[in-house]
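The values are calculated or read from the model by the stated rules, or taken from the named source; none is laboratory data. Computed from a predicted structure; not experimentally measured. No Cβ is skipped: glycine too gets one built from the backbone with ideal geometry, and neighbour counts run over all protein chains shown. For the accessible areas, the whole protein counts, side chains as well, though only heavy atoms, and no ligand, DNA or RNA atoms are used. Shrake-Rupley method; radii C 1.70, N 1.55, O 1.52, S 1.80 Å.
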Amino acid sequence: MKIRIEIDEKIQEEEVIIRSPVLDERIRRIQTAVAEAAAREKTMRFLKGDTEYYLPLRKILFFETDGDEIYAHTADDAYKSKYRLYELEELLPGYFMRVSKSTILNIKSIYAINRSVSTSCTVQFQKSYKQVYVSRHYYKPLRNRLEEKR
């Protein structure tokens, strides 16, 4: 495998190109590793009162609607987001997933899933008392994503 870096001061945004004769599992792992490395560094602006906070996305456990507002929840706190949930779905990296009409969660932060036969399931996060509900419609896609991650 060759690795080549080209410096071009005229470009606005970095670009990674992977050239391969086939799209096999090894190439997919490389793609995932590059995407996750890039996403680890992403931050987003949030509000709490009159203060702006720039938080890394990896610290966000989930986004949730509360009335007309969207809140980003960390293990310790909640911050207001200027984006709607449908906008966040487009902006967020692949390790975020919609799990109900009102929630997008960080699948890397899942600690446990409590499933009930008659209702939706509950997701718990490590080192946090917070939990979210996953609707029955999103349960199977969530399980599939978690299996892919393993």
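Is it the case that segment 90-99 has a residue that's closer than 24 Å to R145 by Cβ, of a type in the set (G, A, S), part of a helix (DSSP H, G or I) and under 11 Å from the mean Cα position of the chain (by Cα)? Steps first, please.
If we filter segment 90-99 for residues that are closer than 24 Å to R145 by Cβ, which is where we start, we get 90-99.
The next check asks that each one be of a type in the set (G, A, S); those that pass are 94.
Going one step further and asking which of them are part of a helix (DSSP H, G or I), we end up with none.
Among the residues of segment 90-99, not one is closer than 24 Å to R145 by Cβ, of a type in the set (G, A, S), part of a helix (DSSP H, G or I) and under 11 Å from the mean Cα position of the chain (by Cα), which makes the answer no.
Give just the number: which of (1) part of a loop (DSSP other than H, G, I, E, B); (2) more than 29 Å from L88 (Cα to Cα) does E14 not satisfy?
(2)
Conditions tested, residue by residue: (1) open to solvent by less than 70 Å² (accessible area, probe 1.4 Å); (2) assigned to a strand (DSSP E or B); (3) β-branched (V, I, T).
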{"residue": "L23", "(1), (2), (3)": "no, no, no"}
{"residue": "R28", "(1), (2), (3)": "no, no, no"}
{"residue": "V34", "(1), (2), (3)": "yes, no, yes"}
{"residue": "R45", "(1), (2), (3)": "no, yes, no"}
{"residue": "Y54", "(1), (2), (3)": "no, yes, no"}
{"residue": "Y83", "(1), (2), (3)": "yes, no, no"}
{"residue": "L88", "(1), (2), (3)": "yes, no, no"}
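Among the residues of segment 57-76 satisfying the criterion of being over 15 Å from S109 (Cα atoms) and in a loop (DSSP other than H, G, I, E, B), which is most open to solvent (accessible area, probe 1.4 Å)?
Taking the candidates together, the pick is D68.
Kindly check whether there is at least one residue in segment 110-130 that is of a type in the set (G, A, S), under 29 Å from V16 (Cα atoms) and surrounded by fewer than 18 Cβ atoms within 10 Å (Cβ to Cβ).
Just the residues of segment 110-130 that are of a type in the set (G, A, S), to begin with: 112, 116, 118, 120, 128.
From what's left, under 29 Å from V16 (Cα atoms): none.
Within segment 110-130, not a single residue is of a type in the set (G, A, S), under 29 Å from V16 (Cα atoms) and surrounded by fewer than 18 Cβ atoms within 10 Å (Cβ to Cβ).
So which residues in segment 92-109 are over 11 Å from F62 (Cα atoms), open to solvent by 40 Å² or more (accessible area, probe 1.4 Å) and at pLDDT 90 or above, if there are any at all?
K101
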